[in-house]
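To keep things clear, I will list the structure first and then write my remarks on it.
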Amino acid sequence: MSQSAVPGRDTVYVFLGRTDGDRPAAARRLLRRAGGTLLGRAEAEIRVGRDAAGRPLVDAGDAVELPVSVSHTGGVVVVAARRGGGVGVDVERRRELPALALARRWYAPQEAAWLRGRPPGHRVEAFLLLWTAKEAVGKALGRGLRDGGLRRPMPVPGGPGELLRPVPGTGGLRVGHPRLPAGGGPAGDGPVPAGGLVLAGDLVLALAVDGPADGVELVID
């Protein structure tokens with residue numbers, strides 16, 4: 001399926017793909033696809049590298065660098081990209097973990113209290129929603145979870161309002177959790193090619209953007 005950015009729109013693209021045992025190669029492939037889509041160039045012209053801090057870089061051999069972010073978990077790699085400003089993405093697999101104990105150790109008191117108030121069967125999901133949001137916001141800020149990033153307050157996941165919600169104390173930064181398809185079908189947030197990633201329903205994904213964006217396009221590779 002061909003994909004191209006719409007001129008004049010600041011759309012955030014999120015690409016999901018399998019690693020097939022070679023995570024770096026899968027990430028480079030999705031980064032080139034992101035570069036081709038948003039920079040309007042052939043994927044063979046897209047250069048992929050890293051800056052001095054280890055963050056991914058994408059360009060087409062000119063002065064225009066594409067803001068991108070990469071995350072991976074258990075056989076899956078995710079790339080987020082946009083033309084209009086900073087972006088961060090994080091993905092985790094749903095799995096059993098001691099959500100309340102981890103929240104008491106790492107999260108702000110009000111977030112740990114919110115998590116404790118969730119029904120027992122929803123606490124792991126709630127923990128991962130907060131965790132991925134914090135990771136994505138840290139990447140959009142360019143400093144990860146350094147300087148107390150795990151205690152940086154996040155907007156409550158799943159509440160009423162827009163998909164991307166303002167992050168307290170960060171200016172124009174917003175974060176949310178695009179709805180992923182349970183089995184590779186349309187997710188409702190953008191085009192999903194046929195034969196997509198069947199494992200998407202096992203994932204929790206957070207997306208952070210610096211400033212307003214026109215929408216989110218989700219592409220299962």
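Each value in this text was obtained by applying a stated rule to the coordinates, not by laboratory testing. Everything numeric in this text was worked out from a predicted model, so none of it was measured. Note: ideal-geometry Cβ built from the backbone for every residue, glycine included; neighbour counts use all protein chains shown.
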Under 5 Å from the placed amide H of E217, counting only residues 5+ away or on other chains, we find V12, Y13, V14
Convert each backbone phi in region 68-85 into a coupling constant with the Karplus relation 6.51 cos²θ - 1.76 cosθ + 1.60 (shift: θ = phi - 60°), then list the ³J(HN,Hα) values in order as whole Hz, x for Gly and Pro.
9, 8, 10, 9, 8, 7, x, x, 10, 10, 10, 10, 10, 8, 7, 8, x, x
Take the alpha-carbon centre of region 61-105, take the same for region 1-53, and report the distance between them in whole Å.
14
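Restricting everything to alpha-carbon atoms, can you work out Rg to Rh for region 1-57 with a Kirkwood hydrodynamic radius?
Details: Rg = 12.2 Å, Rh = 12.4 Å.
So for region 1-57, dividing Rg by the Kirkwood Rh gives 0.98.
How large is the helix-only mean residue ellipticity at 222 nm for the chain, computed as the sum of -39500 (n - 2.57) over DSSP H runs with n ≥ 4, divided by its residue count, in deg cm²/dmol to the nearest 500?
Values: 4 runs with 52 residues, N = 221.
That comes out to -7500 deg cm²/dmol.
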For region 18-28, 3J(HN,Hα) per residue [Karplus equation, 6.51 cos²θ - 1.76 cosθ + 1.60, θ = phi - 60°, Hz, x = Gly/Pro]
7, 8, 6, x, 10, 4, x, 5, 5, 5, 4
Between R104 and V6, what length in nm is gained on full extension when 0.36 nm per residue of separation is reduced by their alpha carbon distance?
30.9 nm
Percent of Cα-Cα distances greater than 29 Å, calculated over the chain
23
In whole angstrom, and with the biggest value first, how far do the Cα coordinates of region 81-121 range along each principal axis?
40, 23, 18
Karplus (6.51, -1.76, 1.60) ³J(HN,Hα), θ = phi - 60°, over region 38-49, in Hz, Gly and Pro reported as x:
8, 9, x, 10, 5, 4, 5, 8, 7, 9, 10, x
Check R83: other-chain or 5+ apart residues with amide H under 5 Å from its amide H, H built from backbone geometry?
T11
Convex hull (Cα only) mean projected area of region 1-104, reported in nm² to one decimal
8.8
Quick calc: nm separation of the 7 Å Cα→Cβ label points for R41 and E96 -> 4.9
Which net charge results when you count Lys and Arg as +1 and Asp and Glu as -1 among the other residues whose beta-carbon is under 9 Å from that of L100?
+3
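Arrange the peptides 29-41, 6-18, 46-58, 77-89 so that the one whose residues have, on average, the most other Cβ atoms within 10 Å appears first. The partial results should precede the final answer.
On the way: 29-41: 21.4, 6-18: 17.8, 46-58: 13.5, 77-89: 24.0.
Highest mean packing first, the order is 77-89, 29-41, 6-18, 46-58.
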Taking all pairs of distinct alpha-carbon atoms in region 62-133, Kirkwood radius in angstrom
14.1
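Taking the mean number of other Cβ atoms within 10 Å as a proxy for protection, how do you rank 66-72, 172-178, 20-26 from highest to lowest? Working shown, then result.
Details: 66-72: 22.7, 172-178: 20.1, 20-26: 12.7.
Ranked by mean Cβ neighbours within 10 Å, highest first: 66-72, 172-178, 20-26.
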